[in-house]
Amino acid sequence: MLKIFQTIHDEAVLIDHFEKGCWINLVKPTEEEIQLLSSQTGVNQDFIRYPLDEEEIPRMDIEDDQILIIINIPIMKQSDVMYDTLPLGIIMTDEYLVTVGLEDIDTTLHLTSSKIKGLATFKKTRYLLTILYKNTLLYLKYLRDIDKKTTEVELELHKSLKNRELIKLLNLSKSLVFFTTSLRANEKVLEKLLRNKTIKKYEEDEDLLEDVITENRQAIEMADIYTNILTGTMDAFASIISNNLNMVMKFLAAITIVVSLPTMVSSFFGMNVLIPFQYSPHGFAYVLIIALTLSLASVWYLSKRNMF
């Protein structure tokens, strides 16, 4: 999918042709779209293809007056792992700003639906930094969502320890690992962008970039804190489950002892040898009394040992 936007009267408008100072948004582009963009704008085709690899790492490349910035963006998934990250490529040329990815950042970051004062597609550096800033804010939003979901799962676990809740915690823990890794990689790109002199930055742009770096560091700290909390929570519940299993096994062992005593007594009096009470008319009652007495005695003893 290929979309072209241009700012007209402070509003990003969708246009149908390549215009100097426009923003070109590529989402899962076909080979024909890649060829069209490259031929019309002169954008390096390799720069377009790099972000289409899900395992591409964040970095910054400069070649032939074209700048490629690859960062990781957070996404929400419907699968077991609720959150993940994908690479996003931002290509800056003298005339165009191009974004390439497997997800539509216009939908994710709400770039065209929200009006931002002083933001225009022809201000490529400002638009780039706005994308980075909104991306960092999205990380913070998803991290807060993960914290809320973790609290909800903890409340469910207090009521019943089921595998389903533990799997949810494991999936949230995976999401935090993805976020932490991506945020740290993004931080290196942002710091390199701050030091880079090729991209022209005004004072406002410098301030915005510093804000992006600050928010990204906050997101890293939040991810680390939530990871530690979640790890501690999972360890605690694992200990609780293990302790509950030990209690169940201890209870079953005690029940086995209590039940085995009447069986042992009846086995003695069922042998084909001379035994007490075999000629007594009340012999069966005596056997029952002996078995019951031993069972009650074992229950009392085991209760004193906290086996029940």
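The values are calculated or read from the model by the stated rules, or taken from the named source; none is laboratory data. If you're wondering where the values come from, they're calculated on a predicted model, not measured in any experiment. Here the Cβ positions follow ideal geometry from the backbone for every residue, glycine too, while neighbour counts run over all protein chains shown.
Data overview
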read-out	value
Subset of the stretch 15-32 (residues that are free of Cβ contacts under 8 Å to residues at least 24 places away in the same chain and either surrounded by 11 or more Cβ atoms within 10 Å (Cβ to Cβ) or hydrophobic (A, V, I, L, M, F, W, C) (or both))	I15, E19, T30
Flag for T150 being among the β-branched types (V, I, T) and either under 30 Å from I62 (Cα atoms) or not assigned by TED's automatic domain parsing to the domain that holds L129 (or both)	no
Among (1) in the same structural domain as T130 (by TED's automatic domain parsing); (2) among the hydrophobic types (A, V, I, L, M, F, W, C); (3) in contact with a helix residue (DSSP H, G or I) (Cβ under 7 Å, 6 or more places away or on another chain), the one test that A238 misses	(3)
Qualifying residue in the stretch 202-218 (condition: farther than 25 Å from D84 by Cα and not in a helix (DSSP H, G or I))	yes
Failed item in (1) at pLDDT below 90; (2) in contact with a Phe, Trp or Tyr (Cβ under 6 Å, 6 or more places away or on another chain), with A223 passing the rest	(1)
Some residue of the stretch 50-58 being surrounded by fewer than 18 Cβ atoms within 10 Å (Cβ to Cβ), under 22 Å from A223 (Cβ atoms), touching a Phe, Trp or Tyr at 6+ places or on another chain (Cβ under 9 Å) and charged (D, E, K, R)	yes
Any hit, the stretch 289-297, residues being assigned to a helix (DSSP H, G or I), assigned by TED's automatic domain parsing to the domain that holds P74 and surrounded by 14 or more Cβ atoms within 10 Å (Cβ to Cβ)	no
Failed criterion for S266 (all others in (1) surrounded by 12 or more Cβ atoms within 10 Å (Cβ to Cβ); (2) without any contact (Cβ under 8 Å) to a residue 24 or more places away in the chain; (3) hydroxyl-bearing (S, T, Y) hold)	(2)
I225 under 29 Å from K141 (Cα atoms) and among the hydrophobic types (A, V, I, L, M, F, W, C)	yes
Criterion violated by A185 - all others in (1) in a helix (DSSP H, G or I); (2) over 18 Å from the mean Cα position of the chain (by Cα) satisfied	(2)
Top-ranked residue of the stretch 156-201 - restricted to ones that are farther than 17 Å from I71 by Cβ and either among the β-branched types (V, I, T) or not assigned by TED's automatic domain parsing to the domain that holds R217 (or both), ranked as modelled with the highest pLDDT	V177
Any hit, the stretch 248-258, residues being within 33 Å of the chain's Cα centre (by Cα) and closer than 19 Å to N163 by Cα	no
Search result, residues across the stretch 220-235 that are in contact with a helix residue (DSSP H, G or I) (Cβ under 8 Å, 6 or more places away or on another chain) and either farther than 19 Å from A185 by Cα or not in a helix (DSSP H, G or I) (or both)	I229, L230, T231, T233, M234
Failed condition for I62, given (1) out of contact with any strand residue (DSSP E or B) (no Cβ under 7 Å at 6 or more places or on another chain); (2) surrounded by 21 or more Cβ atoms within 10 Å (Cβ to Cβ)	(2)
Residues satisfying the stated conditions in the stretch 222-259, i.e. among the hydroxyl-bearing types (S, T, Y), free of Cβ contacts under 8 Å to residues at least 12 places away in the same chain and surrounded by 13 or more Cβ atoms within 10 Å (Cβ to Cβ)	none
The stretch 188-201, residues that are in a helix (DSSP H, G or I) and either over 27 Å from the mean Cα position of the chain (by Cα) or touching a residue at least 24 places away in the same chain (Cβ under 8 Å) (or both)	K188, V189, L190, K192, L193, L194, R195
Evaluation of S175 against (1) closer than 30 Å to K159 by Cα; (2) more than 34 Å from the chain's Cα centre (by Cα); (3) surrounded by 15 or more Cβ atoms within 10 Å (Cβ to Cβ) (one fails), failing number	(2)
